[in-house]
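J.: Before we start, here is the structure in question, set down as structure tokens.
The values are calculated or read from the model by the stated rules, or taken from the named source; none is laboratory data. Note that the structure is a prediction, hence the values are computed from the model and not measured. Note that we place each Cβ from the backbone using ideal geometry, even for glycine, and neighbour counts take in every protein chain shown. The protein model used for the area step is the full one, side chains on, heavy atoms only, and it has no ligands, DNA or RNA in it. Shrake-Rupley method; radii C 1.70, N 1.55, O 1.52, S 1.80 Å.
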Amino acid sequence: MKRALAIMVGAALILLLATLTLVVMPYLQMTAEQVPPELKPYTEQQLRGRQVYIANGCMYCHSQQPRDPAFAPGDRDRGWGRASVPGDYAYDQPQLLGTMRTGPDLFNIGARQPSIDWQLMHLYSPSALVKDSIMPPYRFLFRHVEQLEEGDKLVNIPAPHGPKTGYIVATEDALALAEYLLALDHSYPAPTLPQPEQPKD
Amino acid sequence: MTPTIAVLLIITFLLSTVGLLLLIWSIANNQFSHGQAAARTIFSPGEEGHSEDPARPAETAFTGDNLDQTEALEARWIADQSSRAAVLTWLSSSVFWLLLGSVFGLMSSIKMHLPEFLAASEFLTFGRVRPVHLNAVTYGWASMAGIGVALFLIPRLFKTSLAGGKYAVCGALIWNIGLILGLGAITLGLSDGEEWLEFPWQIDVLFVVGGALCAVPLLLTAANRQVEHLYVSSWYLMAALVWFPILFFIANLPFTFPGASGAAVNWWFAHNVLGLWVTPIGIGIAYYMIPKILGKPIISYQLSLIGFWALALFYSQVGIHHIIGGPIPTWLVTLSIVHSVMMSIPVITVAINHHGTMMGNFGRLKDSPTLRFVWIGALMYTVASLQGSMEALRSINVITHFTHYTVAHAHLGMYAFLSFILFGAFYFIMPRLTNWEWPWRGLISLHFWLVSVGILIYVVSLTLSGWKQGLALLTADLPFMDIVRMTLPALKARTLCGLLMTLGHLVFAFHFVAMLMRRGKAKEQATLFRPSTKEVAR
């Protein structure tokens, strides 16, 4: 039994070391980072929108992390914004950095497309606004009504993408999601510069 | 110098000192004495030189030349039978999740180029179907099949019966309930929101309990073991079963890691699922199957042990290469890149052993289904790992990150490496457990060709297309939608591959069920002791 135990304990200790370097130390360092003063906490509606974003897996196609132009200039040149810093994510629980860019980066989508009508139309029918878009339509976040009622948020869908009769109305979820997307605006200056590549000392 | 770097330096210093002391201790105590004798522990007395592959046609099974040898083989047969209920439970479950995962994978693939496909239902939107695919194949197929094969190998490696098998059966039930609830939660939109960690943390508890129940037979059987030396496969399997619960538990702690530090934890975990969970299982199985089928021990046993500890040390720290260029400290990224490159050491030691043992025996790939699947899996491990080390370099990563290239790489690892080895292990194990022949050997070939052609086109098309996509994304010269259009042919090709692989899985599952139902021709003796087909013909 001795050796079997030695292998298992040794294996666990090595993992513990990795946990120390990859989990504990980054946690200590990053949670101590300065939060940019211009960064606003999410409103309740935006938080709800964030949950819709999570539930429908937006992050499997969209990242939220523009990179340093010195490293990947395309990120800045496409207008996706300055490189993000840990402080930008202070209110993000869980983080939604993403690892795929089937669609564009969304870290500053609120600055690029500040119109809620655009966001709602795009969610209802992406290909109506972006030709050949492969983003799935989120029609299930909208209601199709014959008569508008007071307080309904009407979404004008250009033909032929909308229904033949009646109106398309945004649900609370669609509005919340659009508000969350509009809140994705990190165009303020970063107090801590994106860490430059340093030679090891 | 920041305090973090100071701490890092101190840890490095302490570690190297401890490492040096350990080295001195092991040399003084003759710990390096395991020679080729240790590599032979997987053979019964007199068995070396004889192939064991129950899935192979016209096989002359070794039944021993004298009483001692026959008794040893009978003891092994009893050991095999002891794990039967536990192994079959885990393996049958895994085949079900493989089918489900394949269907969801195929659905995701179609949705990537036909966005209107099944778009009306929120439950089948791309962003839910895709994580269902990932979680079903990772925690359903790969993990359950891996645990099943491990449960089969443990009694064989320890040369004793499996003790406490009912705990493992119980664990499988709980694990399956966890999968049903977890995948259901994702479909309902109740995801935890991080890749590889989508299951709500309340449901994760079930996996921790289910996995822990498998540790009970492992420990009980280890305590009863009848072997002097623990063969290298058991090192990998034991370590994997220790690592996974720790990883899974820490990464799923709710409300613990906010903001960007959550990303570090996310990828520390996700890469360790590959590195410290499925990889050691895959390598451990290959380390058993290849020498067993060839009837000759691996060529360098010492090297295999170095490979094991190097894997443990380096693989555990590579995860952050998934966020190169992201909003995390530079030292953290650099640490992971260094370890990713260092991974070439264990990869090369494993490659020398796996492929070196195969030298001069490649002809056997023609007749042995298990060897064909396992060796191709081992080869793809070498390829995928070296590719992974390259991908971690900043200059390569800046192109491949965020593209389909990474998706191709992930499938090269999880499918061409791991799943192939698991398929091979299935073909080896099932006849031993059920004492029944594979009913239609042609189906094994059909399965092999469907999945091989499928994964080949998959990896080649997405790798090329992903690379072009990455180069185009580096600058803003090309409008984004033009890049999307550029990737469409590869996305369509992937649907074709997904179809081929899913068909292959249907063939495999059908054959597996036929095996359980004892279809095909009957035979009088246990597979191990059957007379060779040739003799019968005479």
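J.: In a solvent-free Debye calculation with one equal scatterer on each Cα, what is log10 I(q)/I(0) for the stretch B:285-380 at q = 0.11, 0.18, 0.20, 0.21 Å⁻¹, listed in the order of the q values?
T.: -0.42, -0.80, -0.90, -0.95
J.: Another question about this same structure. Scan the stretch A:1-109 for GluC sites (Glu not before Pro) in coil per DSSP, keeping those whose Cβ has at most 15 other Cβ atoms within 10 Å, and list them by number.
T.: A:GLU38
J.: Please compute P(r) over all alpha-carbon pairs of chain B, binned at 10 Å starting from zero, and give each bin as a whole-number percent.
T.: So the P(r) values, bin by bin, are 4, 17, 29, 28, 15, 6, 1, 0, 0.
J.: Hey, got the average number of other protein chain Cβ atoms within 10 angstrom for residues in A:98-111?
T.: For this peptide, the per-residue mean of nearby foreign Cβ atoms is 4.
J.: Moving on. Where does the stretch A:30-106 land on Rg(C-alpha)/(2.2 N^0.38 Å)?
T.: Taking the Cα Rg and dividing by 2.2 N^0.38 Å, one obtains 1.15.
J.: Next question, about the same structure. Just how much of B:ASP65 is accessible, in Å², when a 1.4 Å probe is used and the result is rounded to the nearest 10?
T.: The accessible area of B:ASP65 comes to roughly 130 Å².
J.: Could you work out how far apart the two model spin labels at B:LEU503 and B:LEU15 are, taking each label as a point 7 Å from the Cα in the direction of the beta carbon, and quote it in nm?
T.: Output for this residue pair reads 4.9 nm.
J.: Evaluate peptide B:184-192: per residue, the Cβ atoms of other protein chains within 10 Å of its Cβ; return the mean as an integer.
T.: 2
J.: Restricting to DSSP H runs of at least four residues, report the calculated mean residue ellipticity at 222 nm for the protein assembly as shown, -39500 (n - 2.57) per run over all residues, nearest 500 deg cm²/dmol.
T.: -19500 deg cm²/dmol
J.: Over the stretch B:135-219, what number does the Rg to Rh ratio reach, with both radii from the alpha-carbon atoms and Rh per Kirkwood?
T.: 1.05
J.: Over the Cα atoms, compute the radius of gyration (one decimal) and Dmax (the largest Cα-Cα distance, rounded to a whole number) for the stretch B:396-459, in Å.
T.: Cα radius of gyration and Dmax of the stretch B:396-459 are 16.0, 53 Å respectively.
J.: Quick one: grab Rg to one decimal and Dmax as a whole number for the stretch B:286-538, Cα atoms only, in Å.
T.: Cα only, the stretch B:286-538: 21.6, 73 Å (Rg, Dmax).
J.: What list of whole percents do you get for P(r) of the stretch A:84-146, with Cα-Cα distances grouped in 10 Å bins up to the one holding the largest distance?
T.: Bin by bin from 0 Å, the calculated values are 17, 41, 31, 10, 1.
J.: By how many nm would the segment from B:SER395 to B:GLU228 lengthen if fully extended, with 0.36 nm per residue of separation less the alpha-carbon distance?
T.: Here the segment from B:SER395 to B:GLU228 would lengthen by 55.3 nm.
J.: Continuing with the same structure: Compute the Rg/Rh shape ratio of the stretch B:69-228: radius of gyration over Kirkwood radius, all on alpha-carbon atoms.
T.: For the stretch B:69-228, the value is 1.11.
J.: Another one. Pick out, in residue order, every one of the chymotrypsin sites (Phe, Trp or Tyr not before Pro) in the stretch B:82-155 that is DSSP loop and has at most 12 other C-beta atoms within 10 Å; say none if there are none.
T.: Loop-located and lightly packed - none at all.
J.: How about the stretch B:420-494: which trypsin sites (Lys or Arg not before Pro) there are in a DSSP loop, with at most 16 other Cβ atoms within 10 Å of their Cβ?
T.: Sparse-neighbourhood loop trypsin sites (Lys or Arg not before Pro): none present.
J.: Here's a follow-up. Translational diffusion coefficient of the protein assembly as shown at 10 °C, 1.306 mPa s, Stokes-Einstein with Kirkwood Rh over Cα pairs, in µm²/s as a whole number.
T.: For the chosen part, D equals 59 µm²/s.
J.: Here is a follow-up. Which whole-percent values make up P(r) of the stretch A:44-183 when all C-alpha to C-alpha distances are grouped in 5 Å steps starting at zero?
T.: 2, 10, 17, 22, 19, 13, 9, 5, 2, 1, 0
J.: Ok, one more. So if I take the centroid of the Cα atoms in the stretch B:182-243 and the same for the stretch B:59-111, what is the distance between those two points in Å?
T.: First find each Cα centre; the distance between them is then 19 Å.
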